[in-house]
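Chemist: My questions all concern the structure below.
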Amino acid sequence: MNVLGKLLSKLEDTLHLGGCLGLVAVAALINADILLRLFFNRPVQIQFELTELYLMPALATLSLSRVFRDGGHLALDFMPEKLPGLLGKAVDKLRLLLPAAFFMAVTYMSGKFALKAIMHGDVEYGAMDWPLGWAYAVIPLGCGVLVLRLIHDALVHSAPGQI
C-alpha cells in the first residue's frame, strides 16, 4: 500500500473511532438522563443540546470514509459492477468521481458555513452557551476525508472502496 493510502487509512480510522465514541456518549447520556429523571427527578441538563449539536453530526459524518473503504456503504446497483474494456474503466472512475464532486460541494458549503459561525462567534443558548462553529466543523471534516478516499480510489486503486 502506498504512503498516501496508509496516511488516509490512519486518518479514517481515527475519525471512525471518534464517531464510535460519539455513539457511546449518546447512549451514556440518554441512559443517564433517563435514570436520573426516574430515580432523582434530575435531568442531565446538557444531554439534549450536546447530542443534537455535537454528537449526532459526528455520528453521521466522521465514519463515512472508513465505512466506504470497508465496503459497508449502501449502494444502488443498476448495472454490473465491472464492465469490460475502456468503457468499464471510465464507468469505474465516474462511479467514484461523481460522488466525490457531490461531497466536495457539501464539504465546501458546510466548511464555509462552519467558518462563518466560528468567525462570528455564533452561539446556541441553552443549558449552557454552545459555540456552533465547532459543532458544524465535523461535517466538512468527515465529508472532506470521504472526498479524499473517493479520489484516491479513483486514481490509485482499481478496486473501489477497498484497500
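The values are calculated or read from the model by the stated rules, or taken from the named source; none is laboratory data. Note that this is a predicted model, so its numbers are computed, not measured. Methodologically, a virtual Cβ is constructed for each residue, glycine included, from the backbone with ideal geometry; neighbour enumeration extends over all protein chains shown. Ligands, DNA and RNA are stripped out before the accessible areas are found, and what is left, the full protein with its side chains, is counted by its heavy atoms. Shrake-Rupley method; radii C 1.70, N 1.55, O 1.52, S 1.80 Å.
Chemist: Could you go through the range 108-131 and let me know if any residue there is of a type in the set (S, T, N, Q) and in contact (Cβ under 8 Å) with a residue 40 or more places away in the chain.
Modeler: No: the range 108-131 contains no residue that is of a type in the set (S, T, N, Q) and in contact (Cβ under 8 Å) with a residue 40 or more places away in the chain.
Chemist: Oh, and also: Does Lys116 satisfy being more than 29 Å from Gln45 (Cβ to Cβ), among the basic types (Lys, Arg) and open to solvent by 50 Å² or more (accessible area, probe 1.4 Å)?
Modeler: No.
Chemist: What is the one condition in (1) in contact (Cβ under 8 Å) with a residue 40 or more places away in the chain; (2) over 18 Å from Leu141 (Cβ atoms); (3) not small (Gly, Ala, Ser) that Asp33 does not satisfy?
Modeler: (1)
Chemist: Tell me which residues, restricted to the range 123-137, are in a helix (DSSP H, G or I) and in contact with a Leu (Cβ under 6 Å, 6 or more places away or on another chain).
Modeler: Residue satisfying the conditions is Ala135 alone.
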